[in-house]
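Scroll down for the structure; my scribbles are underneath it.
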Amino acid sequence: MLDLRTVRENPEAVRNALTRRHQPDLLTEVDRLLELDQSWRETTVRRDGLRNEQNTVSREIGRLKREKQEATDVIARMQQVAQEVRELDDQLRDARGQIDSILLMLPNIPHESVPDGASEDDNVIVKHWGDRPEFDFEPRAHWDLGEGLGILDIERGGKISGRGFAVYKGQGARLQRALISFMLDIHTTEHGYTEIWPPALVNRQSMIGTGQIPKFEDDMYRLAPGAGDDADGDETRDLFLIPTAEVPVTNLHAEEILDADDLPICYAAYTPCFRREAGAAGRDTRGIQRVHQFDKVEMVKFTSAETSYDEHESLLANAEAIIQRLGIPYRVSLMCAGDLDFKGAKQYDVEIWAAGQERWLEVSSVSNFIDFQARRANIRYRPDTEARPEFVHTLNGSGVALPRLVISLLENYQQADGTVRVPEALRPYFGSDVIT
RNA sequence: GGUGGGAUGGCGGAGUGGCUUAACGCGACGGUCUUGAAAACCGUUGUAUCGGCGACGAUACCGCAGGUUCGAAUCCUGCUCCCACCGCCA
C-alpha cells in the first residue's frame, strides 16, 4: 500500500498515477482519504491532550491517596475526561478503519520507466529470443498430443475435481517432477537462491500482506468452516489456498527488521497454486492453459531501496535462463501503466511460443513492488547500525509456471508420429530423450 | 482434542492497581584513561504516530484483541504462539 504521508504531502503524484493507470474512479477515494486523514489528525491532537491530562492528574491522585488526602472531587472530574477519551477513541478507530480500507484499495505508483498505455495492446515488447520451430507436418495442440501419449487426462481431472483440474500420468507426471527439480536446481546452484518449501494454506493477514486481499478476494480459494466449527470468524480456520508461492514466501519476513548485510535475500520455492479465475469463465478452456490448480517455481527477492530496479533486471534474466536452456522461443513485454498489476511499480511478462496453437503464452510475470508489499506486511531493514529501519523492496517472478511450459514443450518439440523430443538440458532429470 | 506451565526492551530477568513515562545484569554505541588493545570508569540505548521551521514536546506499545478503573505490565473476558505430559494420527 501507499504511504499515507505520500498521499497527504503529494496527492498530485497519486492522482497522476491513477490517471496513468486509467482508473479515474479512484480519484474520489483519494479526496475522501485526505478528508478522513485531516479529521483523524485533528482528533488525535485532542485525544492526546486529554490523555496527557489523565496521566498527569492520575499520578497526582496517587500521591494524594498515599498522603491520605481527599481526592473525590478530582476523581469525579476525571471521570468526565475518561468518558470523553473513550468517545474520541471510538471516532479515531472508525476513521482509521476507513483510512486503512482506502489505502488497501489504492494501487502502486508506476515507475517512470513504465510506458503510458491503456491496455495490453500498449505493452512494449522489449525482447525476442529464439526461432520458432518449423514443421513438415501440421503441428497439433497439446490437448491432442497429451491425450495421444496418455500423459494428460483432462476428462478424469474434471470427474474427480471439476473443470480446470488436470491429471498428469506416467511420463506426464514424471515431466512435472523433472521440470520442478530442473528449475529449482538452476536457481539454487547457479542463481544464488535459497530453496523454500512453504505451506500452501495461509491466513488472511498473509493474503493482505502481499496484496491479494481485499481487492482480489473473490479470485481466491478459501476454506469453508467445517461441520461443528464455530461460524463466527475464527481466525485460525480462516485459511486461503495460495494463488502463488509469493504469498507464503514474501510473508516469511513479515513484521521483521532485517539486517542490511543479509540483503538481497533471494528465495526460490516450488508450490502448487490455486486460482478461482472468477472473472475468466469460458476463456482458454481447452487443455491446461487456464486451470484452477497448477504448479510453479517462484523466485522472491527482498532488497534495499537502492538496488531493487537492478535486482528486477537480474530476476528477469533468471527466469529467461530457464526458458533458454529448454530452447523455447520467447518474448518479453514491459507492461504499460494501464495493464500493470495492481501492486506492481514495474513489471515484465515473459511469453513463450506454443507452436501447435501458434500463439504466445505467459509463463512468468516479473515484478518490482518496491515498498508496496513491505509496508503492508511490515518488512523492514536497517541500512546501517545507527539508522532507522526502512521498508525493504520486494520483488518476485515466476521461474516458471509449469502448465504453459509443458504446453510449449509438447507443441514445439512434437514429431510427426505424435512423440515428443525432450530438450537436452532436461534429459538428466527426465531420464529419457523422448516422450512416447 | 485434553490438562498444566509460560510469553516483559537486541538478550537474560525483576515487577500482584499509583513511590515504574519497566529495576538490575548482559550486549551494542560514544567517551575518559592507554603507544595500541583489554580492563576499569562515565554516558547513551527500541518502535510507531501526531504537533513544531527547528531545538524539542506529546501519545501509544510489556504476545494479540476487547473490557473494568481517575489510573493497568499488574484485575476480567476471548484468542494466538511456545514448553511439558496425555489422547489421536501419515
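The values are calculated or read from the model by the stated rules, or taken from the named source; none is laboratory data. This is a predicted model, so every value here is computed, not measured. Virtual Cβ from ideal backbone geometry, glycine too; neighbours counted across all protein chains shown.
Tabulated data for the structure shown
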read-out: Failed condition for residue A:411, given (1) in contact with a Ser or Thr (Cβ under 8 Å, 6 or more places away or on another chain); (2) more than 21 Å from residue A:111 (Cβ to Cβ); (3) not in a strand (DSSP E or B); value: (1)
read-out: Qualifying residues in segment A:236-272 (those that are of a type in the set (S, T, N, Q) and within 16 Å of RNA strand B (Cβ to nearest atom)) - the one nearest to residue A:393 (Cα to Cα); value: A:251
read-out: Filter result for residue A:38 (touching a helix residue (DSSP H, G or I) at 6+ places or on another chain (Cβ under 7 Å), over 15 Å from residue A:107 (Cβ atoms) and either touching a residue at least 40 places away in the same chain (Cβ under 8 Å) or surrounded by fewer than 16 Cβ atoms within 10 Å (Cβ to Cβ) (or both)); value: no
read-out: Criterion (in a loop (DSSP other than H, G, I, E, B) and surrounded by 23 or more Cβ atoms within 10 Å (Cβ to Cβ)) met by exactly one of A:322, A:328; value: A:328
read-out: Residue within segment A:378-388 that is buried (at least 24 other Cβ atoms within 10 Å of the Cβ) and assigned to a helix (DSSP H, G or I) present; value: no
read-out: Selected residue (only one of A:31, A:48 is out of contact with any helix residue (DSSP H, G or I) (no Cβ under 7 Å at 6 or more places or on another chain), in a helix (DSSP H, G or I) and more than 8 Å from RNA strand B (Cβ to nearest atom)); value: A:31
read-out: Some residue of segment A:250-268 being farther than 20 Å from residue A:379 by Cβ and either modelled with pLDDT under 85 or not in a loop (DSSP other than H, G, I, E, B) (or both); value: no
read-out: Only listed residue being within 27 Å of residue A:113 (Cβ to Cβ), in a helix (DSSP H, G or I) and more than 16 Å from RNA strand B (Cβ to nearest atom), chosen from A:373, A:347; value: A:373
read-out: Residue in segment A:69-86 that is more than 8 Å from RNA strand B (Cβ to nearest atom), assigned to a helix (DSSP H, G or I), under 27 Å from residue A:345 (Cβ atoms) and without any contact (Cβ under 8 Å) to a residue 60 or more places away in the chain present; value: no
read-out: Residues of segment A:414-432 that turn out to be in contact with a helix residue (DSSP H, G or I) (Cβ under 6 Å, 6 or more places away or on another chain) and on the phi > 0 side of the Ramachandran plot, as a count; value: 1
read-out: Given (1) assigned to a loop (DSSP other than H, G, I, E, B); (2) within 15 Å of RNA strand B (Cβ to nearest atom); (3) under 34 Å from the mean Cα position of the chain (by Cα), number of the condition residue A:113 does not satisfy; value: (2)
